[in-house]
């Protein structure tokens, strides 16, 4: 069931799409992170936010 409320949709997108992922251990980190919270690595990437059909 799709979310129709605009505020709730924006909140859900922010929570599900805007974070960083550690390239070493794969843990989720906040968007403001410079180092991994789990392994202290500085190798972070942004979560892929491309929308589209899965293949």
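Throughout, read-outs are computed from the coordinates displayed, never taken from laboratory work. Because the structure is predicted, anything quoted here is derived from the model rather than measured. Please note: Cβ atoms are built from the backbone with ideal geometry, for glycine as well, and neighbour counts cover all protein chains shown.
Within a 10 angstrom radius of the beta carbon, how do 15, 37 rank from fewest other beta carbons to most?
The fewest-first ordering by Cβ neighbours comes to 15, 37.
Let me have the relative contact order for the chain, percent, based on Cα pairs under 8 Å that are six or more residues apart. Working shown, then result.
Working: 60 pairs, mean separation 15.7, N = 55.
Here the relative contact order equals 29 percent.
Would you mind giving the three semi-axes, in whole Å and largest first, of the ellipsoid equivalent to the chain according to its Cα gyration tensor? Don't skip to the answer; put the middle values down first.
Values: eigenvalues 138, 39, 12 Å².
Output for the chain: semi-axes of 26, 14, 8 Å.
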